[in-house]
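Take a look at the structure set out below.
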Amino acid sequence: MDSNLRREIILDNYQNPTNRGLVNDDSYLKVNTNSESCIDNLDFMMKIEDNKVKDICFDGEACAISTSASSILIRSLIGKSVDEVRNILENYKKMINEEDYDKDLLGELNVYDTLQPNRKNCALLPSVAIDKMLGSVRDGRKN
Amino acid sequence: MNREDFPMLNQDIVYFDNGATTLKPKVVIEKMMEYYQEYTSNIHRGDYDAAIKTNEAYDGVRKIVAHFVNCKPEEVIFTSGTTMSINTVVFSYMRKHLHKGDEVILSKAEHASNVLPWLKLSEELGVVIKYAPLDSNMELKVESIEKTITEKTKVISIAHVSNVIGDVRDIKAIGKLCSEKGIIFNVDGAQSVPHMKVDFKDSNIDFLSFSAHKMCGPTGVGVLVAKEELMDEMTPLCFGGGMNQTFEVDGSYELKTGPSKFEAGTPPIAEVIGMGEAIKYLEKIGMENIHKNEVELKKFLVSELEKIPNIILYNTNSNSGILAFNIDGVFAQDSSVYLNSYNIYVRAGNHCAKILKDEMKIKNTVRVSLYLYNNKEDVLKLIEVLKRSADIFKVVI
Ligand SMILES: Cc1ncc(COP(=O)(O)O)c(C=O)c1O
């Protein structure tokens, strides 16, 4: 991808992120990611209904990479079934970790396909958070 | 000063992360290599030449430390660093001497290592932790401590220099208060001992902790200076070789007295020897010179940064080489990634002082922390890069 375009997409999502701001609704799952390796600190909320992701939102303090990645990832996941979401997250992680992945599946998320090593955790932060919430669905827990 | 002594500076870097750890001069590295190459042996056990030399070198460092901070050699315990030193104070001494309802005074600008051990002790014993309020500059003044003291206050435990704000607390006055009121005075010297003259005896300190790696020495070693009469009442956290006199099958045992009681097992011998060399190196330059140079350089840094409109400064007044700032509208980590791309090494974060965020209303900052080898050219390089920071996202994304 052209590096100017890449930068524009990331910056736009950093400055005007999708669904920034949490909701006051108990039917949402909630998780905080306070990364050990960096100083990002974000809260995520997700609503699942009929095995579909109805909504995800987030808030907190974080760098340009993790904020923008949260924004783009959220847009890519809303409306998808839980299985589709798992598949996207898995491919997203593979891309960040420089393994083989399904490029077509990730769409806009491909902007993160060439990150410096020290930014990988930033990009992975939202996927870890959403994974955690999905894990709690599987375990039958709510939080 | 002395830039040529530091091999790391042969690379084209500006090293501004001295609060985290400092660069090592060649003399320290060579002194440690000499032990490894010429007289490797364990301490306390051998009768052969190398072992005798090792013993002398290792124990000799107690004298070097004693001269450096004005205490007795018998008061110098080698630890793995400040964290271990403070934990030793809390769990070797305080655990035995404090009771439910006793009060410990800290501040909200303390490093994790001077908060968490106390939280643990409070959980165990019901000891009450009180935070002496910071003033509007986030600094901790004697008056604030004085107001927080009650009849129940048993300990005051504070950093001499805070690692985020860099304010130099008046430990002499606080030490005087403590000795008048029979309060134990525990000083975290991690950010002061490397940068200025600290006087254990004159400041009426009971326990003083610091790390070698923050003062031109190796990682993995540090010091706990413990007042002799208090040391006798401390129970070691670690038991094993080198710290006992005798032990028998009937379960009886007798421990050594003095610092070796707290140094069970083979200690970091090369590192202790390296620490001694680092102290000698600093003393040769002179602690007054080191402090003066840092404070002057910080003033220069502040005056240059104040000329850049989109820089927010947090602690321009503190009398040390620590400065926290942000680029307006930019997350601290993005700023440090940006500076790294110009080989300028700073730290972004809350600097392990997590409860300070309640007071500062800002969680994360970029921190510049200076040391003796930093100079005006370093500062000007930072300034030049920050002036151009309008294009920061072109660089970091
Ligand atoms: C004020 C203060 N106290 C304690 C420590 C802990 O030192 P160490 O990690 O060497 O144990 C630090 C180090 O960052 C510090 O700045």
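Being touching a helix residue (DSSP H, G or I) at 6+ places or on another chain (Cβ under 8 Å) and either within 16 Å of the ligand (Cβ to nearest atom) or within 14 Å of chain A (Cβ to nearest Cβ) (or both) is the filter here; which residues of segment B:1-19 pass it?
B:15, B:16, B:18, B:19
Look through A:70, A:35, A:76 and report the one residue that is open to solvent by 10 Å² or more (accessible area, probe 1.4 Å) and modelled with pLDDT of 95 or more.
Criteria check complete, one pass: A:76.
Do we have any residue at all in segment B:113-127 that's outside any helix (DSSP H, G or I) and free of Cβ contacts under 8 Å to residues at least 40 places away in the same chain?
Yes, because at least one residue in segment B:113-127 is outside any helix (DSSP H, G or I) and free of Cβ contacts under 8 Å to residues at least 40 places away in the same chain.
Is segment B:256-265 home to any residue that is within 18 Å of residue B:2 (Cβ to Cβ) and either touching a Pro at 6+ places or on another chain (Cβ under 8 Å) or surrounded by fewer than 23 Cβ atoms within 10 Å (Cβ to Cβ) (or both)?
No - not one qualifying residue is present in segment B:256-265.
Inspect all residues belonging to segment A:9-30 and state whether any of them is assigned to a strand (DSSP E or B) and among the β-branched types (Val, Ile, Thr).
no
I'd like to know if segment B:297-312 contains one or more residues that are more than 14 Å from every other protein chain (Cβ to nearest Cβ), of a type in the set (Gly, Ala, Ser), closer than 30 Å to residue B:79 by Cβ and outside any loop (DSSP other than H, G, I, E, B).
Here is the first cut: in segment B:297-312, the residues more than 14 Å from every other protein chain (Cβ to nearest Cβ) are B:297-312.
If we keep only those that are of a type in the set (Gly, Ala, Ser) as well, we get B:303.
Add one more test, that the residue is closer than 30 Å to residue B:79 by Cβ, and what stays is none.
Looking through segment B:297-312, none of the residues is more than 14 Å from every other protein chain (Cβ to nearest Cβ), of a type in the set (Gly, Ala, Ser), closer than 30 Å to residue B:79 by Cβ and outside any loop (DSSP other than H, G, I, E, B).
Given (1) within 23 Å of residue B:397 (Cβ to Cβ); (2) more than 13 Å from chain B (Cβ to nearest Cβ), identify the lone condition not met by residue A:65.
Exception for residue A:65: condition (2).
Out of all the residues in segment B:134-142, is one or more surrounded by fewer than 24 Cβ atoms within 10 Å (Cβ to Cβ), over 21 Å from residue B:67 (Cβ atoms), within 16 Å of the ligand (Cβ to nearest atom) and within 12 Å of the chain's Cα centre (by Cα)?
There is no residue in segment B:134-142 that is surrounded by fewer than 24 Cβ atoms within 10 Å (Cβ to Cβ), over 21 Å from residue B:67 (Cβ atoms), within 16 Å of the ligand (Cβ to nearest atom) and within 12 Å of the chain's Cα centre (by Cα).
Take the residues in segment B:232-289 that are within 21 Å of residue B:193 (Cβ to Cβ) and without any contact (Cβ under 8 Å) to a residue 60 or more places away in the chain, then tell me which one is farthest from the chain's Cα centre (by Cα).
Residue satisfying both the conditions and the ranking: B:284.
Within segment B:112-133, take every residue that is of a type in the set (A, V, I, L, M, F, W, C) and within 19 Å of residue B:205 (Cα to Cα) and give me the one that is nearest to the ligand (Cβ to nearest atom).
Within segment B:112-133, the subset of a type in the set (A, V, I, L, M, F, W, C) is B:112, B:115-116, B:118-119, B:121, B:125, B:127-129, B:132.
When the remaining residues are screened for being within 19 Å of residue B:205 (Cα to Cα), the result is B:115, B:118, B:132.
Working: B:115: 10, B:118: 13, B:132: 16 Å.
Residue satisfying both the conditions and the ranking: B:115.
Does residue B:159 qualify as being closer than 27 Å to residue B:28 by Cβ, crowded, with 24+ Cβ neighbours inside 10 Å, small (Gly, Ala, Ser) and free of Cβ contacts under 8 Å to residues at least 60 places away in the same chain? First the steps, then the outcome.
Details: closer than 27 Å to residue B:28 by Cβ: yes; crowded, with 24+ Cβ neighbours inside 10 Å: yes; small (Gly, Ala, Ser): yes; free of Cβ contacts under 8 Å to residues at least 60 places away in the same chain: yes.
Considered against the rule, which asks whether it is closer than 27 Å to residue B:28 by Cβ, crowded, with 24+ Cβ neighbours inside 10 Å, small (Gly, Ala, Ser) and free of Cβ contacts under 8 Å to residues at least 60 places away in the same chain, residue B:159 comes out as yes.
Could you check, for segment A:53-62, whether at least one of its residues is open to solvent by 10 Å² or more (accessible area, probe 1.4 Å), among the charged types (D, E, K, R), at pLDDT 95 or above and more than 18 Å from residue B:364 (Cβ to Cβ)?
From segment A:53-62, those open to solvent by 10 Å² or more (accessible area, probe 1.4 Å) are A:54-55, A:59-61; that's our starting set.
Keeping just the survivors that are among the charged types (D, E, K, R) gives A:54-55, A:59, A:61.
Then keep just the ones that are at pLDDT 95 or above; that gives A:54-55, A:59.
Adding the requirement that they be more than 18 Å from residue B:364 (Cβ to Cβ) leaves A:54-55.
Within segment A:53-62, one or more residues are open to solvent by 10 Å² or more (accessible area, probe 1.4 Å), among the charged types (D, E, K, R), at pLDDT 95 or above and more than 18 Å from residue B:364 (Cβ to Cβ).
Considering only helices (runs of 4 or more DSSP H) fully contained in segment B:21-111, which possess at least 3 residues that are within 24 Å of residue B:178 (Cβ to Cβ) and within 16 Å of the ligand (Cβ to nearest atom)?
Those helices (runs of 4 or more DSSP H) span B:82-88.
Spot the failing condition for residue B:386; the list is (1) in contact (Cβ under 8 Å) with a residue 40 or more places away in the chain; (2) open to solvent by 40 Å² or more (accessible area, probe 1.4 Å), and only one is missed.
Only one criterion is unmet by residue B:386, namely (2).
Restrict the check to segment B:368-377 and report whether at least one residue is out of contact with any helix residue (DSSP H, G or I) (no Cβ under 6 Å at 6 or more places or on another chain), over 25 Å from residue B:5 (Cα atoms) and part of a helix (DSSP H, G or I).
Looking for residues that are out of contact with any helix residue (DSSP H, G or I) (no Cβ under 6 Å at 6 or more places or on another chain), over 25 Å from residue B:5 (Cα atoms) and part of a helix (DSSP H, G or I), one finds none in segment B:368-377, hence no.
In the list B:176, B:147, B:154, which residue meets the criterion of being surrounded by fewer than 17 Cβ atoms within 10 Å (Cβ to Cβ) and either touching a strand residue (DSSP E or B) at 6+ places or on another chain (Cβ under 8 Å) or of a type in the set (Val, Ile, Thr) (or both)? Steps first, answer last, please.
Values: B:176 fails: either touching a strand residue (DSSP E or B) at 6+ places or on another chain (Cβ under 8 Å) or of a type in the set (Val, Ile, Thr) (or both); B:154 fails: surrounded by fewer than 17 Cβ atoms within 10 Å (Cβ to Cβ).
None of the others qualify; the one that does is B:147.
Pull up segment B:154-209, narrow it to residues that are among the β-branched types (Val, Ile, Thr), in a strand (DSSP E or B) and more than 12 Å from the chain's Cα centre (by Cα), then point me to the one that is nearest to the ligand (Cβ to nearest atom).
If we filter segment B:154-209 for residues that are among the β-branched types (Val, Ile, Thr), which is where we start, we get B:155-156, B:158, B:161, B:164-165, B:168, B:171, B:174, B:183-184, B:187, B:193, B:198, B:205.
Among the residues that remain, those that are also in a strand (DSSP E or B) are: B:155-156, B:158, B:161, B:168, B:184, B:187.
From what is left, the residues that are more than 12 Å from the chain's Cα centre (by Cα) are B:155-156, B:168, B:184.
Details: B:155: 16, B:156: 15, B:168: 12, B:184: 18 Å.
Checking each candidate, the answer is B:168.
Is one or more of the residues making up segment B:218-231 open to solvent by 20 Å² or more (accessible area, probe 1.4 Å), of a type in the set (S, T, N, Q) and not in a loop (DSSP other than H, G, I, E, B)?
no
The values are calculated or read from the model by the stated rules, or taken from the named source; none is laboratory data. This one's a predicted model, so the numbers in the text were calculated from it and none came from an experiment. Quick reminder, even Gly has a Cβ in these numbers, built from the backbone with ideal geometry, and neighbours come from all protein chains shown. The protein model used for the area step is the full one, side chains on, heavy atoms only, and it has no ligands, DNA or RNA in it. Shrake-Rupley method; radii C 1.70, N 1.55, O 1.52, S 1.80 Å.
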